[in-house]
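Asker: Before we start, here is the structure in question, set down as structure tokens.
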Amino acid sequence: MNVIFAAVFLAAAVIFLFTDPEGFLPAMLAGGEKAATVSLALLASYCVWLGFFKVMEQSGLSEKLARGMYPAARRLFGSDDRQAVSLACQNLAANMLGLPGAPTPPGIAATKKFLAARNDYAADMLFVLNATSLQLLPTTVIALRAAAGSASPADIFLPTLLATLLSTLLGALLVFLTRRRT
Amino acid sequence: MKYAALIIPLLFLALFIWALVRRVKLYDCFTEGVKGAVPLILSLFPYLVCVLILSELFEASGLSARLTQGLSPVFSFLGIPPEIGKLVLLKPFSGSGATALLSELLSEYGADSYIARCACVAYGSSETVFYICAVYFAGSKKRLFKPVAIALAANFVSLILGCSLCRIL
């Protein structure tokens, strides 16, 4: 992140210097403003989903879900930390259903636990699974296509699903192949 | 596709009924969960700011336009329409920016055109890698090069596949 931040920042600053020196600060401020509005939107969705997950936890549903997915998920993440694996499962399930904002809280909690246990492999795996898109139904895309007057907005479903499956499998495979053996 | 909208209300309904059967005090429990939301967003805030400033600079400076232009021979060599290059470059930084760009492309080229379909696949099969990275690894001192590189590479390869699938499907 440090390298990317520095590279993009420097390149953008140099371009601004030559093309539009007065536009530099407004662009940065626009970024900050966006961060403020995005944070509010995220706060709203975290409120809803954290409440949801708490009810799930206290009603014993998380435990049930985790028991079902634990054997497979334990292998996938190479972790015996039951709570962390259960959080990771909640994250993956929310991702597949495409619930906006819902995967993040359990995802962050699971990553923290994995990293605290020095299990970088599991943290990387969870991140790559998240960052290669697991969503089964591209609802945003379909809605946008329908709005733009497409004849059959949903016919994008199959190629998207195949592409996203490939990216997820490839990502998981690469993480698996490049893990540090302990 | 109408049924997709049912997922969320049904999910909540099922959970709440289940919780009531298990005699969970819904109000107390839900509020208990919400308590965590403000600390969570506070811990993410600095990282969000950095990523969003970065995405703004990337766009507003014209850097993304220049990169798109420079890379367009590469894109067309790989079977990716150069028109969607900007979307491909922007998506890792910003989801909302990519959404806006996608709807622009849809109205410019027509929702059922090949370019628009490729754009949809590019959008739907990738994720906001840098954004997720900033949020999930917020505050960790871990080296992030490997996971980020893997995620970007996997998304890119699947994009090439997606664009060729759009030709035949």
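Here, each number is a calculation from the coordinates, and none is a lab measurement. As the structure is a computational prediction, the values presented were derived from the model and not from experiment. Because the Cβ atoms are built from the backbone with ideal geometry, glycine has one as well, and the counts that use them run over all protein chains shown.
Asker: Average partner chain C-beta neighbours within 10 Å, per residue of A:118-129?
Answerer: 4
Asker: Can I ask one more? Run the numbers for B:Phe77 and B:Phe12: contour at 0.36 nm per residue of separation, minus the present Cα-Cα distance, in nm.
Answerer: 18.7 nm
Asker: Continuing with the same structure: What is the sum of charges, Lys and Arg at +1 and Asp and Glu at -1, for the other residues whose Cβ falls under 13 Å from the Cβ of B:Val49?
Answerer: -1
Asker: Return a whole-number percent for the relative contact order of the stretch A:2-178, with Cα pairs under 8 Å and 6 or more residues apart as the contact set.
Answerer: Result for the stretch A:2-178 is 16 percent.
Asker: Kindly rank B:6-17, A:55-66, A:129-140 from highest to lowest mean number of other beta carbons found within 10 Å of each residue.
Answerer: A:129-140, A:55-66, B:6-17
Asker: Calculate for chain B the 222 nm mean residue ellipticity that helices alone would give, adding -39,500 (n - 2.57) per DSSP H run of length 4 or more and normalising by residue count, nearest 500 deg cm²/dmol.
Answerer: -24500 deg cm²/dmol
Asker: Right, something else. Among all the aspartates and glutamates, which ones have a C-alpha under 13 Å from A:Lys113's C-alpha, if same-chain residues fewer than 8 places away are not counted?
Answerer: By straight Cα distance, A:Lys113 reaches A:Asp80, A:Asp81, A:Asp124.
Asker: Here's a follow-up. Which order results if A:Lys112, B:Lys141 are arranged by neighbouring Cβ count within 10 Å, fewest first?
Answerer: Fewest-to-most Cβ neighbours within 10 Å comes out as B:Lys141, A:Lys112.
Asker: Need the C-alpha centroid separation for the stretch B:144-169 versus the stretch A:121-182, integer Å.
Answerer: 9
Asker: Something else: Calculate one ³J(HN,Hα) per residue across the stretch B:92-103 by plugging θ = phi - 60° into the Karplus curve 6.51 cos²θ - 1.76 cosθ + 1.60, and present them in order as whole Hz with x for glycine and proline.
Answerer: x, 8, 9, x, 5, x, 5, 4, 4, 5, 4, 5
Asker: From the backbone phi of the stretch B:150-156, what are the Karplus-calculated ³J(HN,Hα) couplings (6.51 cos²θ - 1.76 cosθ + 1.60, θ = phi - 60°) in whole Hz, Gly and Pro given as x?
Answerer: Computed from phi, the couplings for the stretch B:150-156 are 4, 5, 5, 5, 5, 5, 5 Hz.
Asker: Right, another one. How would you classify the stretch A:2-178 from its alpha-carbon gyration tensor, with a ≥ b ≥ c the square roots of the eigenvalues: rounded for a/c under 1.5, else prolate if a/b is greater than b/c, otherwise oblate?
Answerer: Here the stretch A:2-178 falls in the prolate category.
Asker: If you take each beta carbon of peptide B:153-165 and count the beta carbons of other chains within 10 angstrom, what is the mean?
Answerer: Neighbouring Cβ atoms belonging to other protein chains average 6 per residue here.
Asker: Follow-up. Please give, to one decimal in nm, the separation of the simple spin-label points placed at B:Ala65 and A:Thr178, each 7 Å out from Cα toward the Cβ.
Answerer: With each label point 7 Å from Cα toward Cβ, the separation is 3.4 nm.
Asker: For the stretch A:1-76, take the alpha-carbon Rg, divide it by the Kirkwood Rh, and send me Rg/Rh.
Answerer: Rg divided by Rh gives 1.31.
Asker: How many percent of the alpha carbon pairs in the stretch B:23-77 exceed a separation of 15 Å?
Answerer: The answer is 69 percent, as a whole percent.
Asker: Would you calculate a helix-derived [θ] at 222 nm for chain A, using -39,500 (n - 2.57) for each DSSP H run of n ≥ 4 and dividing by the full residue count, to the nearest 500?
Answerer: -26000 deg cm²/dmol
Asker: State which entries of A:Lys34/B:Lys91; A:Lys54/B:Lys146; A:Lys64/B:Lys146; A:Lys54/A:Lys112; A:Lys64/B:Lys91 exceed 26 angstrom in Cα-Cα distance in the structure shown.
Answerer: Result: A:Lys54/B:Lys146; A:Lys64/B:Lys146; A:Lys64/B:Lys91 exceed 26 Å.
Asker: Using every alpha carbon pair in the stretch B:48-142, what percent of pairs falls into each 5 Å bin from 0 up to the bin containing the largest distance?
Answerer: Cα pair-distance distribution for the stretch B:48-142, in percent: 2, 14, 22, 23, 20, 10, 6, 2, 1, 0.
Asker: Spelling out what I want: for every residue of the stretch B:29-40, take phi, set θ = phi - 60°, compute 6.51 cos²θ - 1.76 cosθ + 1.60 (Karplus), and round to whole Hz; glycine and proline get x.
Answerer: Karplus values, whole Hz, x for Gly and Pro: 6, 4, 4, 4, x, 4, 3, x, 5, 5, x, 4.
Asker: Hey, what D do you get for chain B in µm²/s if you plug the Kirkwood alpha-carbon radius into Stokes-Einstein at 4 °C and 1.567 mPa s?
Answerer: Rounded, D is 69 µm²/s.
Asker: Still on this model: Across 20 Å bins from the origin, how do the percents of Cα pairs in the protein assembly as shown run, short distances first?
Answerer: All Cα pairs considered, the percentages come to 29, 59, 12, 0.
Asker: Still on this structure: Taking each residue of A:38-44 in turn, how many C-beta atoms of other protein chains fall within 10 Å of its C-beta, and what is the average?
Answerer: 5
Asker: Moving on. Arrange B:Val121, B:Val34, B:Val74 by Cβ neighbour counts within 10 Å, fewest through most, would you?
Answerer: Going from sparsest to densest Cβ surroundings: B:Val74, B:Val34, B:Val121.
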